[in-house]
Every structure is written in C-alpha cells, then in structure tokens.
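Below is one structure, written out as structure tokens, with a few remarks after it.
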Amino acid sequence: MSEELHIPEGGTRDEIYRAILPQIEGVTAGVDDLIANLANVAAILKAAFDFHWVGFYRTTAPGMLMLGPFQGPLACVAIPFDKGVCGAAARTRETVIVDDVENFPGHIACSSLSRSEIVVPLVAGGETRLVLDVDSDKPDDFDAVDRAHLERVVALIARQHFAA
Ligand code: SME
C-alpha cells in the first residue's frame, strides 16, 4: 500500500475528488478497523482540499453522535440528533448542505471560522451509524459536486464496515 497521495495540482474540485476516490479505496481496502479507516479518510480529504474541518461523528447511543476521527480545530464532543447540522443529517438520514451557517437555526459553532458546511450520513439497517462533516471557512463552498463525491466516500465506508 502506497502512503503517498497523488492530488492533481490546480485541478477542479471534481477532478480532485475523482483522483482521490480510488486512493481512498486503496488505503482503506483490507483494513478491518473502522476508526483507522475514518482517520485516514479524514486525512486524505484534509490534504486534498485543506477544508477547515473534516471528520466523523459516530452514533454511539440512540439519538447521540460522538466525535470520531477528524482533522482541524478542536471540536464539540457530543451532538444529539436534535441539534446542529450534524444532528439534522443524522435525524433525516439525508445529506444537508448549509450555505451560510449563520442562517441555519441550531447550528453548533465549534469554530467561529466555519461559514458553510456539508454533512453526509451513513445509513445502514435503517439507522444513521455515523456522519461525515465538512466545514469551510468560506460561505457557499459546497454544492452538488461535493455532495455526489462525499456520498460516494460514505458509501464506500458503508460497504466495507456496515454491509448487512
Ligand atoms: N457545526 C456542526 C458541529 C460539528 S463541528 O462543526 C465540527 C453542527 O452544527 O452540527
């Protein structure tokens, strides 16, 4: 397994996602430990895009998300399903994109620099098992391209760790 990432310099975000997805697949394949894989996925997304914060919250009790592997500034530890953007994605089991966090009622400001956010839930057996949360320090930084590719990343983790 190569430990060197190949990220196309000057590529569009779409091109960069396309380049890193197979690398995420390569790095995580054959690794049975969920936490290890989440840690490497967070590291790859951070290295590729230098997002302000990128990481995971896992459902560790009913209706409760707990901080998992991440890259970025210090983060809130526990998020109930009825709080924040992460909670909204976990509760609705749908990806949530927030263009301006100041306009999202209940947004949890772990970092005052966060301006926009995307949260993708991993749903297995009808339950949200974890969420992938990405924060940007720029407003309106996420669109359908991020959604499509980040959902692919989460689907890959689901296949490997939460297959029925
Ligand atoms: N802003 C998130 C909380 C997690 S931190 O951004 C890392 C939310 O509102 O759910």
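Take each complete run of DSSP H in the chain, measure how far its Cα atoms stretch along the helix's own axis, and keep only those covering 24 Å or more with mean Kyte-Doolittle hydropathy at least -1.0; list them.
On the way: long enough: 144-161 (25 Å, 0.08).
The answer, listed by residue number, is 144-161.
Using Cα-Cα distances under 8 Å and only pairs 6 or more residues apart, what relative contact order does the chain have, in percent?
On the way: 298 pairs, mean separation 31.4, N = 164.
For the chain, the relative contact order is 19 percent.
Around the Cα centre of region 1-104, unit charges on the Cβ atoms of Lys, Arg, Asp and Glu (plus for the first two, minus for the last two) sum to a dipole of about 400 debye. Each Lys and Arg contributes +1 and each Asp and Glu -1, all at the Cβ; summed about the Cα centre of region 49-164, the dipole is approximately 600 debye.
Using the 1.4 Å probe convention, the accessible area of the chain works out to 49 Å² per residue with neighbouring protein chains retained.
Accessible area of region 6-148 with a 1.4 Å probe: how many percent of it is carbon plus sulfur?
On the way: 3480 of 6710 Å².
In region 6-148, the share of accessible area belonging to carbon and sulfur is 52 percent.
Comparing VAL145, VAL27, VAL98 in a Gaussian network model of the chain where C-alpha atoms under 10 Å apart are linked, the largest mean-square fluctuation is found at VAL145.
Summing -39500 (n - 2.57) over the DSSP H runs of n ≥ 4 in the chain and dividing by its residue number, what mean residue ellipticity at 222 nm do you reach, to the nearest 500 deg cm²/dmol? Walk me through the numbers on the way to the answer.
On the way: 4 runs with 59 residues, N = 164.
Estimated from H runs of four or more residues: -11500 deg cm²/dmol.
Only residues of region 26-50 count here: report those whose backbone N is under 14 Å from the spot 7 Å along Cα→Cβ of HIS6, or say none. Residues 26-27 qualify, since their backbone N sits under 14 Å from the label point. Using only the C-alpha atoms, the convex hull of the chain corresponds to 104 Å³ per residue.
List the longest stretch of the chain that has no exposed loop site; here a site is one of the GluC sites (Glu not before Pro) assigned by DSSP to anything other than H, G, I, E or B, with at most 14 other Cβ within 10 Å. Don't jump to the answer; show the numbers that get you there.
Numbers: sites that count: GLU3, GLU4, GLU9, GLU94.
No qualifying site falls inside 10-93, the longest such stretch.
The values are calculated or read from the model by the stated rules, or taken from the named source; none is laboratory data. Only a predicted model underlies this, so the values are computations on that prediction, with no experimental measurement involved. In this analysis, Cβ positions are derived from the backbone assuming ideal geometry, glycine residues included, and neighbour counts consider all displayed protein chains. Surface areas here come from the heavy atoms of the whole protein model, side chains and all, with no ligands, DNA or RNA. Shrake-Rupley method; radii C 1.70, N 1.55, O 1.52, S 1.80 Å.
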